[in-house]
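Peer 1: Got a structure here, written out as structure tokens. Questions coming.
The values are calculated or read from the model by the stated rules, or taken from the named source; none is laboratory data. Note that the coordinates shown come from a computational prediction; the quantities given were computed from them, not determined experimentally. Here the Cβ positions follow ideal geometry from the backbone for every residue, glycine too, while neighbour counts run over all protein chains shown.
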Amino acid sequence: YLHGEFGDRMRHVAYFLSPITRECFASGCVDLVPSNFSEVPLLMRELERPLVVASVSPPDRHGYVSLGTNCDYASSLIGHADFFVEANQQMPRTFGRGQIHLSQVAGWCEADYPLVAPAPVEPSAIDHRIGGLVAERIPHGATIQTGIGGMPNAVLAALGDHRNLGVHTELLSDGLIDLVENGVVTGVDKVVNRTKIVGTFALGTRRLYDFLHENAAVELWPVRYVNNPRVIGQEPGFVSINATLEVDLLGQCASESLGSRMWSGSGGQADFARGAMYSPGGQGFIVAHATAHGGQVSRIVSQLTPGAAVTTIKNTVDKVVTEYGVAELRGRTIAERAAAMIAIAHPEHRQRLYDDAVALNFVRPGSAIGERGGD
């Protein structure tokens with residue numbers, strides 16, 4: 001049905017594009033609702049007669065099933081929508097706010113098949129460089145949010161010497177397991193959900209799913225709670241780490257589209273960036289390789305590509321990190337922002353960016369721009 005086989009009788013509406021739905025959207029067979037992940041449950045509640053079809057854990061001895069790896073928006077619809085669930089023998093039973101009693105569901109069936117288990121992405125040398133720059137700025141006892149992929153894995157790998165970190169994150173991934181088992185993540189300094197690892201969904205290998213199964217130290221909560229900037233902001237020293245596709249000299253981040261071509265969605269990036277901004281002593285990192293396509297295309301641009309969707313606005317962005325350094329933007333003037341961004345661009349692109357900055361009246365002619373990268 002993703003390819004429009006049923007016409008308007010059954011049409012897929014996405015809140016985030018995956019590799020599967022991306023091409024279907026481009027061909028006009030799928031619709032996309034721009035939204036922050038935290039507000040999706042509220043949008044879904046407004047639908048006419050919503051029905052939730054979800055994969056869950058097998059029932060426990062009390063008749064409760066768990067939403068397992070996917071608490072996110074489904075848990076917020078418990079009591080507000082009819083549920084039909086598939087009890088998969090291989091779905092972990094997780095704690096938190098994702099339990100539903102079989103007496104509450106409209107129907108259920110049993111299944112036994114492996115969960116989607118993408119192999120961890122091996123970080124590149126550039127990923128490790130960026131990960132190290134971020135990790136050295138994270139203090140002991142901080143609470144972190146990160147995602148999945150090469151750069152997030154590199155950040156987590158660089159945190160091995162830290163102590164008493166906490167986790168409050170949208171996505172739980174394999175990279176967290178070693179930090180827990182090595183005593184890096186304890187959560188003892190957290191203010192909200194002290195000692196608990198909090199997330200809203202999980203994606204990883206079977207090792208991750210086995211780690212989550214009946215693990216009382218891990219709690220999956222609804223996304224309207226986990227991604228709520230007001231909740232995040234209650235945690236002192238909160239650190240958010242998110243990737244972008246393109247960022248301009250003012251700090252505007254286009255993280256969901258390549259020009260006018262929609263690539264994914266807003267997800268939780270803006271939620272966590274705002275939460276880190278509200279947190280006392282919080283930090284928000286936006287990470288990106290300085291270039292793409294073998295160095296020919298700069299990810300730092302004077303102006304975003306026409307048609308690009310701004311995911312995180314300039315006033316929210318705190319620090320931008322490439323392999324060439326860290327640009328600290330919060331509280332800086334437009335001229336200082338432009339200079340800081342040019343300094344972390346690839347050296348071959350800096351002169352062009354500087355010339356553009358002068359033409360845009362962001363910096364004055366003759367202004368000094370760092371030659372060795374960011375701070």
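Peer 1: Report, ordered by the first and then the second residue, all pairs with beta carbons closer than 8 Å, sequence separation of six or more or different chains, a first member in segment 1-27 that is surrounded by 15 or more Cβ atoms within 10 Å (Cβ to Cβ), and a second member that is among the aromatic types (Phe, Trp, Tyr).
Peer 2: Listed by first residue and then by second, the contacts come to HIS12/TYR1; ALA14/PHE25; TYR15/PHE37; PHE16/PHE37; LEU17/PHE25; LEU17/TRP263; ARG22/TRP263.
Peer 1: Just give me the residues in segment 134-157 being outside any helix (DSSP H, G or I) and buried (at least 21 other Cβ atoms within 10 Å of the Cβ), in sequence order.
Peer 2: Passing the criteria: ALA142, THR143, ILE144, GLN145, THR146, GLY147.
Peer 1: Pick from segment 230-244 the residues that are over 13 Å from the mean Cα position of the chain (by Cα) and surrounded by 20 or more Cβ atoms within 10 Å (Cβ to Cβ): which of them is farthest from GLY187 (Cα to Cα)? If you could, list the steps in order and put the result at the bottom.
Peer 2: At the first step, the residues of segment 230-244 found to be over 13 Å from the mean Cα position of the chain (by Cα) are 230-238.
If we keep only those that are surrounded by 20 or more Cβ atoms within 10 Å (Cβ to Cβ) too, we end up with 231-232, 235, 237-238.
On the way: VAL231: 16, ILE232: 14, GLU235: 11, GLY237: 12, PHE238: 12 Å.
Among those residues, the one meeting the criterion is VAL231.
Peer 1: If GLY294 passes every condition in (1) within 24 Å of SER35 (Cα to Cα); (2) at pLDDT below 95 but one, which one does it miss?
Peer 2: Tallying (1) within 24 Å of SER35 (Cα to Cα); (2) at pLDDT below 95, GLY294 fails exactly one: (1).
Peer 1: What are the residues in segment 328-339 that are over 16 Å from GLY282 (Cα atoms) and buried (at least 21 other Cβ atoms within 10 Å of the Cβ), if any?
Peer 2: ARG337, ALA338, ALA339
Peer 1: A further question on this structure: What are the pairs with Cβ atoms under 9 angstrom where one residue, in segment 325-344, is at positive phi and the other, located anywhere, is part of a loop (DSSP other than H, G, I, E, B)? Sequence gap at least six, or different chains.
Peer 2: GLY325/ILE344; GLY325/GLY370; GLY325/ARG372; GLY325/GLY373; GLY325/GLY374; GLY325/ASP375
Peer 1: Among the listed residues LEU245, LEU258, identify the single one that is at pLDDT below 95 and assigned by TED's automatic domain parsing to the domain that holds ALA202.
Peer 2: Answer to the selection: LEU258.
Peer 1: Please determine whether any residue of segment 256-278 is out of contact with any Ser or Thr (no Cβ under 6 Å at 6 or more places or on another chain) and closer than 21 Å to GLY132 by Cβ.
Peer 2: Checked segment 256-278: no residue is out of contact with any Ser or Thr (no Cβ under 6 Å at 6 or more places or on another chain) and closer than 21 Å to GLY132 by Cβ.
Peer 1: Right, next: Taking the options GLY187, GLY183, GLY204, name whichever one is in contact with an Asp or Glu (Cβ under 6 Å, 6 or more places away or on another chain) and either not in a helix (DSSP H, G or I) or not aliphatic (A, V, I, L, M) (or both). Reasoning before the result, please.
Peer 2: Working: GLY187 fails: in contact with an Asp or Glu (Cβ under 6 Å, 6 or more places away or on another chain); GLY183 fails: in contact with an Asp or Glu (Cβ under 6 Å, 6 or more places away or on another chain).
Testing whether each residue is in contact with an Asp or Glu (Cβ under 6 Å, 6 or more places away or on another chain) and either not in a helix (DSSP H, G or I) or not aliphatic (A, V, I, L, M) (or both) leaves just GLY204.
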